[in-house]
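Asker: Can you keep this structure in mind? I'll have questions shortly.
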Ligand code: HEC
C-alpha cells in the first residue's frame, strides 16, 4: 500500500512539472511571456554608457553593477556604501530627472560618498550611463523606471 501511494505521488509530481513546462513553454512560443515587453534600447548609447561607467563609476558601484554588500546599513559616520545598480538595487525606482540630479550634484546629505559629476560628464554622458543600466534590468524594472520618468516629466510641466 505504501509503495503504491509513493508511486502515485511520483507520477503526480512528474505530471505537474510537465504541465508547468507546457504552460510556460506555450507562452514563450506564442511570444507572450508574462509581464511587460522589454524596452527597445539604443545599443550605441548602451556601449557609450558602459565605457563611461567603467571609467568613472565601476570603482564604487562594482564591475557588474553589484554595489557593495551591506549597502543598506549606514556606516558609523552616517554615510552609506555604494548601492547596486542592477535589479537588486533601487536605482530603477527613480525617474531620469532624479537620477541625473544625483549624478550631477552627488548624493543626498552633506557627507554622501557619491561624488558630483556635473563638472566632468555632460547630460548626454549621464543619459548614456542610464541606458547602460537599463541593459542590466528586466522588462519589469525597465518599464517601472520609464513610468517614473514620465511621472517626473508630467510633474515638471505646467
Ligand atoms: C566614490 C564612490 C562612488 C563613485 C565613483 C560613484 N558613486 Fe554613485 N553612489 C555612491 C554612494 C556611496 C551612493 C549612495 C548614495 C549616498 O550615499 O548618497 C551612490 C549613489 C548613486 C546613485 C543613486 C542610487 C539610488 O538607488 O538612489 C546613482 C544613480 C549613482 N550613484 C550613480 C553613479 C554614477 C552614474 C557614477 C559614475 C558616473 C557613480 N555613481 C560613481 C558612490 C559612488
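Asker: For a Förster distance of 30 Å, can you work out the FRET efficiency between the beta-carbons of residue 51 and residue 151, rounded to the nearest 0.05? Walk me through the intermediate numbers first.
Answerer: Working: r = 30 Å, r/R0 = 1.00.
Calculated transfer efficiency: 0.50.
Asker: Under the rule a/c < 1.5 gives rounded, and otherwise a/b versus b/c splits prolate from oblate, where does region 28-123 land using the Cα gyration tensor?
Answerer: prolate
Asker: Shifting gears a bit: Could I have the simple spin-label model distance between residue 76 and residue 105, label points 7 Å from Cα toward Cβ, reported in nm to one decimal?
Answerer: 3.1
Asker: Please compute the modelled spin-label separation between residue 88 and residue 125, points set 7 Å along Cα→Cβ, answer in nm with one decimal.
Answerer: The answer from the label model is 2.9 nm.
Asker: Report relative contact order for region 36-156 in percent, whole number only (criteria: Cα-Cα under 8 Å, sequence separation at least 6). Could you put the intermediate results ahead of the total?
Answerer: Numbers: 170 pairs, mean separation 41.7, N = 121.
So the answer I get is 34 percent.
Asker: Here is a follow-up. Based on other C-beta atoms within 10 Å, arrange 52, 59, 103 from fewest to most.
Answerer: On the way: 52 19, 59 10, 103 24.
Ranking 52, 59, 103 by Cβ neighbours within 10 Å, fewest first, gives 59, 52, 103.
Asker: Which order results if 133, 117 are arranged by neighbouring Cβ count within 10 Å, fewest first?
Answerer: Lowest count first: 117, 133.
Asker: Apply 1/(1 + (r/R0)^6) to the Cβ-Cβ distance of residue 112 and residue 64, taking R0 = 25 Å, and write down the FRET efficiency to the nearest 0.05. Write down the numbers at each step before the final one.
Answerer: On the way: r = 23 Å, r/R0 = 0.91.
With a Förster radius of 25 Å, E is 0.65.
We did not get these values from a lab; they are worked out from the coordinates using the rules stated. Note that the coordinates shown come from a computational prediction; the quantities given were computed from them, not determined experimentally. Don't worry about glycine lacking a Cβ; one is built from the backbone with ideal geometry, like all the others, and counts go over all protein chains shown.
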